[in-house]
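Undergrad: Sharing a structure below in structure tokens format, with a few things to ask.
The values are calculated or read from the model by the stated rules, or taken from the named source; none is laboratory data. This one's a predicted model, so the numbers in the text were calculated from it and none came from an experiment. Neighbour counts are summed over all protein chains in view; Cβ atoms, including those assigned to glycine, are modelled from backbone coordinates with ideal geometry. These accessible areas exclude ligands, DNA and RNA; they are computed on the full protein's heavy atoms, side chains included. Shrake-Rupley method; radii C 1.70, N 1.55, O 1.52, S 1.80 Å.
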Amino acid sequence: MKWNQQVVKLNNKQIILQAIRDKAPISRADLSQMLGLTKGTISSLVSELIEENLCLESGPGESSGGRRPVMLLFNDRAGYTIGIDVGVNYILGILATLDGDIIRKEKQKTDNKDYQAAVAKMISMISDLRKSVPDSPYGVVGIGIGIPGIVNNEGDILLAPNLGWEHKKLRQEIEKAFSIPVIIENEANAGAYAEKTLGAGQDCDNMVYVSAGIGIGAGFILNGQLFKGANGISGEMGHMSIQYDGLPCPCGNKGCWELYASEHALLMKAKALHPDQDDLSLEDLLNPSESALEAKPLFDEVGTFLGIGITNIANTFNPEKIIIGNRLAMAKEFLTDSILSTVQERSLKNSQTDLQIKFSNLSVYSAALGAAAFGAEHFLAMDLHQKKVNVF
């Protein structure tokens, strides 16, 4: 019986905390009315949240008659999270508040095919970010890492084809280095979560995030929840075949979408036209110069292939929004027309009804922000009395 009471108390406490995060500033009376909990329960649990530094009291709010109520705020600086986005040729890290405000960002260009070297670089970056944590009651409460590959429900990396990684226990290695909870997630899932909580997907419950970088992945928000499939490995849309007997893919398949519609595909096409320029980058192609104008047909072709895959997504899932993020989001003005015209021409007319196709407004930070958010949610979902205070 006592255990059941404790579970109810913890659930109520988390509900109250979430309501304060969503609706702040809000009074105790308004919490009671909104959540259907007694004023005594609200008062008691809010006092605990204040004692644990997760909530703050602010000045009095508007009066509806009688004394002006004290308003409650979520203390998003009670702790901080670190989000890491691991790409094929970069590692991007952020230090963020519990509500996703970026305090510091760091990026390193690197070839991540060597797993142990990549782990060492991640540890170094996390250490650097950790040193800049402001004074707070809990310090760094979680580390989230987004990986461009298949990650199961236990956080094991089963396969990251573009990295050449297979059966890696990254979570255990990072936790051993820092003694902080670590969450490993597919980077497209992390990006989808960030778009739902912080970005262009906040206003819809059925959304698909397309992470278009060196490869392509997809994250699904269905009925307001991140959909991961039975084993946590959904979303590998980059390995959807769009060309029968097409180009061979590192995943073992042929004709995969990402071979025709990714940043890597764009750069391969550009290098074929300019074989004397081995170090061409997306930034070079976006540069408003004569060479960038020559690249327009390449963007049109990649945009067409992006539109073909997006058509398949629209016809299959009937989402409200499809959000394109990661590196190719920087090429929005070069890709929009070819993507939209392809989807309009090829998708079912009913699938086009109310469908919005947007580019991420979180720029290249979607995956890192989502990974950091996973760390924050894990911290806030724990039994608040079992939290370990870390002060750096």
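Undergrad: So for segment 47-54 (the condition being buried (at least 18 other Cβ atoms within 10 Å of the Cβ), among the β-branched types (Val, Ile, Thr) and in a helix (DSSP H, G or I)), does at least one residue qualify?
TA: Kept after step one, since they are buried (at least 18 other Cβ atoms within 10 Å of the Cβ), are these residues of segment 47-54: 49, 52, 54.
Narrowing the set further to residues that are among the β-branched types (Val, Ile, Thr) leaves none.
No; the residues of segment 47-54 include none that is buried (at least 18 other Cβ atoms within 10 Å of the Cβ), among the β-branched types (Val, Ile, Thr) and in a helix (DSSP H, G or I).
Undergrad: Check whether at least one residue in segment 215-225 is open to solvent by 40 Å² or more (accessible area, probe 1.4 Å), under 30 Å from Gln202 (Cα atoms), in a strand (DSSP E or B) and among the aromatic types (Phe, Trp, Tyr), and report yes or no.
TA: Of the residues in segment 215-225, the ones open to solvent by 40 Å² or more (accessible area, probe 1.4 Å) are 222-223, 225.
Still in the list and also under 30 Å from Gln202 (Cα atoms): 222-223, 225.
Now restrict to residues that are in a strand (DSSP E or B): 222, 225.
Next cut, among the aromatic types (Phe, Trp, Tyr) only: none.
No, segment 215-225 contains no residue that is open to solvent by 40 Å² or more (accessible area, probe 1.4 Å), under 30 Å from Gln202 (Cα atoms), in a strand (DSSP E or B) and among the aromatic types (Phe, Trp, Tyr).
Undergrad: List, please: which pairs have Cβ atoms under 8 Å, are six or more places apart or on different chains, and start with a residue in segment 110-129 that is free of Cβ contacts under 8 Å to residues at least 40 places away in the same chain and end with one that is charged (D, E, K, R) and in a helix (DSSP H, G or I)?
TA: Thr110/Lys121
Undergrad: What tally of residues in segment 117-166 results from selecting those that are among the polar types (S, T, N, Q), in contact with a strand residue (DSSP E or B) (Cβ under 7 Å, 6 or more places away or on another chain) and either closer than 20 Å to Ala218 by Cβ or in a strand (DSSP E or B) (or both)? Steps first, please.
TA: In the first step, residues of segment 117-166 are kept if they are among the polar types (S, T, N, Q); the result is 124, 127, 132, 136, 152-153, 162.
If we keep only those that are in contact with a strand residue (DSSP E or B) (Cβ under 7 Å, 6 or more places away or on another chain) as well, we get 132, 136, 152.
Checking the rest, the ones that are also either closer than 20 Å to Ala218 by Cβ or in a strand (DSSP E or B) (or both) come to 152.
The number of residues fulfilling the criteria is 1.
Undergrad: Could you grab me the full set of residues in segment 96-118 that are within 22 Å of Ser211 (Cβ to Cβ), touching a helix residue (DSSP H, G or I) at 6+ places or on another chain (Cβ under 8 Å) and hydrophobic (A, V, I, L, M, F, W, C)?
TA: Ala96, Ile102
Condition check ((1) of a type in the set (Phe, Trp, Tyr); (2) at pLDDT 95 or above; (3) assigned to a helix (DSSP H, G or I); (4) crowded, with 20+ Cβ neighbours inside 10 Å) across all residues:
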position: Lys358; (1), (2), (3), (4): no, yes, no, no
position: Asn361; (1), (2), (3), (4): no, no, no, no
position: Ser366; (1), (2), (3), (4): no, yes, yes, yes
position: Ala371; (1), (2), (3), (4): no, yes, yes, yes
position: Lys388; (1), (2), (3), (4): no, no, no, no
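Undergrad: So which helices (runs of 4 or more DSSP H) are wholly in segment 278-351 and hold at least 1 residues that are touching a Phe, Trp or Tyr at 6+ places or on another chain (Cβ under 6 Å) and buried (at least 16 other Cβ atoms within 10 Å of the Cβ)? Before the answer, list the steps.
TA: On the way: elements: 282-286, 290-294, 296-317, 332-346.
Helices (runs of 4 or more DSSP H) meeting the threshold: 296-317, 332-346.
Undergrad: Further, regarding this structure: Could you grab me the full set of residues in segment 155-170 that are under 22 Å from Ile82 (Cβ atoms) and either in contact with a helix residue (DSSP H, G or I) (Cβ under 8 Å, 6 or more places away or on another chain) or at pLDDT 95 or above (or both)?
TA: First pass over segment 155-170, keeping only residues under 22 Å from Ile82 (Cβ atoms): 155-157, 160, 163, 165, 168-170.
The answer is Gly155, Asp156, Ile157, Leu163, Trp165, Lys168, Lys169, Leu170.
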